[in-house]
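Only the coordinates and a few stated rules stand behind these numbers; no lab work does. Treat the numbers as computed from the prediction; the structure is a model and nothing was measured. Using ideal geometry, Cβ is built from the backbone for each residue, glycine included, and neighbour counts are taken over all protein chains shown.
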Amino acid sequence: MHDIKAIRENPDAFDAAMARRGLSGLSAQVLAIDESRRAKIGAAEEAKAEQNRASKEVGAAKGRGDEAEFERLRALVAEKKAEVARLNDEAKAEDDKLTDMLARIPNIPADDVPEGADEADNVEVKRWGDVPAFDFTPKEHFELASVAAAMDFATGAKISGARFVVLKGAVARIHRALSQFMIDTHVDENGLTEINTPVLVRDEAMYGTDKLPKFGEDSYQTTNGWWLIPTSEVPLTYSVAGETLDEATLPIRMTAHSLCFRSEAGSAGRDTSGMLRQHQFEKVEMVSITHPDASEDEQKRMLGCAEGLLEKLGVPYRTVELCTGDMGFGARRTFDIEAWLPGQDAYREISSVSTTGAFQARRMNARFKPADGGKPQFVHTLNGSGLAVGRTLIAVLENGQNADGSVTLPAVLAPYLGGKLTLTVEGTLA
C-alpha cells in the first residue's frame with residue numbers, strides 16, 4: 001500500500017518510480033480521486049457547520065414566536081442533515097475507490113534495482129558449484145528408474161486432477177527428510193523461530209500481505225470464505241498485523257514448513273511434466289520483521305540462509321537480482337536462487353527472497369515504537385523461500401542421478417534417512 005501523503009507531496013517521483021515498473025500517469029489518477037474525496041469531506045464539514053448553526057437558531061425563533069422563521073430553520077436543518085449524509089456517503093465511496101486503486105498499484109522498486117522489461121534483463125550476482133558432467137544423457141526426475149513408480153501422477157490425477165502427485169515409499173521419505181533438514185538448519189544454525197501456522201486464512205490476512213485484491217484468481221477460496229495459503233508468508237507476516245512492537249523485539253525471524261496452494265492461473269502449458277509446477281506443494285518459508293534501517297542487511301542474511309541450504313546439499317545454483325519488470329507485485333527488491341536441473345539442462349527458480357519495505361506493514365498497520373520514544377513507525381517485512389521442498393527434491397534427484405537410474409543422495413540427509421544415501425533402481429533406500 002502506498003502513502004497518499006507522499007504521492008501528494010511528490011507526484012513526479014511517484015510517476016518516475018512507477019515508470020520503472022512499466023506504468024504511467026498513475027499519480028494524476030490517484031490525486032484526482034483524492035481531490036474529489038477531500039472536497040466532499042470539506043463540503044460535508046461545511047454543511048454540518050451550517051446544520052449546527054441553524055439548529056441553535058431554531059429554539060430562539062420558536063421562543064420569540066416567529067413561526068415562519070422557525071419553519072424555515074427547521075427545514076434548513078433537515079436539508080443540511082440530508083446533505084451531510086449524502087456528502088459523507090460520496091466521500092466514503094471516493095475513499096473506497098482510492099483505497100482500492102492504491103491496493104492495486106505495485107511497490108516502488110529500490111533505486112538501484114536493475115532496469116529491465118522481463119526475466120531476460122535479470123542480473124546474475126553469484127554462481128556456486130560445478131555443473132555435473134555425466135558420461136550419459138541425464139534424465140528428468142520423473143524419468144529416473146528409481147523414481148518413476150514412486151512419483152505417481154496418475155493416482156494424483158485420479159484423486160484431484162492435473163498437477164497433483166502422490167509420492168510413495170523412499171521418494172516420499174526423501175521429500176520429508178528435505179523439509180526437516182531445512183527447518184532444523186534454520187532453527188539450529190540460522191537463528192529462526194519455528195512456527196506452525198494455519199493454512200486457512202481470512203481476507204484480511206491475504207489483503208495485508210498484498211495477495212488481495214489483485215491476485216485473488218491465483219489462490220483458492222473455500223465456500224465459507226477462507227483462503228488456502230499460497231505460502232506461509234501470509235500467516236507469518238500477518239501475525240504482527242495491528243501491533244505496535246517495541247523496537248527491542250526487532251528483528252523477528254520466523255520459519256515454517258507448510259502446505260501451499262496455487263491455482264497457477266495463467267500458466268497453462270508450462271511445466272506440465274513432472275512436479276515442478278503443482279497446485280499443492282510444500283515449502284519452508286522464512287519471514288523477518290525488521291527496523292527499516294536493518295532491512296537491506298536482513299535481506300542479504302536471508303539470501304545467505306537459502307543459498308547455504310543448497311550448498312549443504314551440493315546442488316549447483318546461481319543467484320540473480322530481478323529487474324524492475326520481473327519483480328513481484330509487493331517487492332521492493334528480489335533475489336531469485338535458481339538450482340541447476342541436469343534433466344532440463346537449465347537453472348530453475350527454487351527460492352525468491354524479497355524485501356517489501358513498509359508496503360505490507362502499511363496495509364496491515366504493523367508498527368514499532370522507537371526506543372527513544374519517538375512516533376511509532378511502520379516495520380519492514382521480508383520473506384523468502386528456504387526452500388521450495390518439491391523443487392529441491394527435483395534438484396537432488398537429478399544432480400545425484402547415476403547411469404543405471406539410481407540416485408546418490410547428499411550426505412547431510414543421512415541423519416534423516418537412517419544413514420542410507422542411495423536410492424536404488426528398485427526404489428528403495430540402501
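Data overview
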| quantity | calculated |
| --- | --- |
| Approximate spin-label separation ALA16-GLN221, in nm, with each point projected 7 Å along Cα-to-Cβ | 3.9 nm |
| Structure-based [θ]222 nm, the chain - -39500 (n - 2.57) summed over DSSP H runs of at least 4, per residue, nearest 500 | -12500 deg cm²/dmol |
| Chain lengthening between ALA430 and SER24 when straightened (0.36 nm per residue, less Cα-Cα) | 140.2 nm |
| Ranked packing of 187-197, 251-261, 33-43, 355-365, most packed first, by mean Cβ within 10 Å | 355-365, 251-261, 33-43, 187-197 |
| For the stretch 151-295: rounded, prolate or oblate by the Cα gyration tensor [a/c cutoff 1.5] | oblate |
| Span-rule helices in the chain, defined as complete DSSP H runs reaching 20 Å or more along the axis (Cα) with Kyte mean at least -1.0 | 26-63, 67-103, 169-188, 295-313 |
| Part-to-part distance (alpha-carbon centres) for the stretch 208-284 and the stretch 113-171, which is given in Å | 21 Å |
| Computed Rg/Rh of the chain, alpha carbon atoms with Kirkwood Rh | 1.13 |
| Alpha-carbon centroids, the stretch 173-199 and the stretch 41-65: separation in whole Å | 66 Å |
| Set of lysines near LYS168 by C-alpha distance (under 24 Å), chain-local residues within fewer than 8 positions excluded | LYS139, LYS158, LYS283, LYS420 |
| Nearest-20 debye value, the stretch 254-368 charge dipole, Cβ charges on Lys, Arg, Asp, Glu | 380 debye |
| For the stretch 77-101 and the stretch 368-430, distance of Cα centres in Å | 53 Å |
| Those chymotrypsin sites (Phe, Trp or Tyr not before Pro) in the stretch 103-199 that DSSP places in a loop and that have at most 13 other beta carbons within 10 Å | PHE134, PHE136 |
| At R0 = 22 Å, FRET efficiency that the Cβ-Cβ distance of ARG318 and ASP271 yields, to 0.05 | 0.70 |
| Neighbourhood net charge (10 Å Cβ-Cβ; Lys/Arg +1, Asp/Glu -1) for ARG270 | -1 |
| For GLN221, net neighbour charge (Lys/Arg +1, Asp/Glu -1) across residues whose Cβ lies under 12 Å away | -1 |
| LYS300 versus GLU46: modelled label distance in nm, points set 7 Å from Cα along the beta carbon direction | 5.5 nm |
| Net dipole in debye of the stretch 134-210 [+1 Lys, Arg Cβ; -1 Asp, Glu Cβ; about Cα centre; nearest 20] | 500 debye |
| Cα lying deepest toward the dipole's positive end in the chain, options ALA306, PRO213, PRO198, charges on Cβ | PRO198 |
| Cβ-defined net charge surrounding VAL125, 13 Å radius [Lys, Arg +1; Asp, Glu -1] | -1 |
| For the chain, size of Cβ-based charge dipole, Lys and Arg +1, Asp and Glu -1, in debye | 1140 debye |
| Sequence-distant lysines (8 or more away, or on other chains) whose Cα lies within less than 26 Å of LYS369 | LYS5, LYS300 |
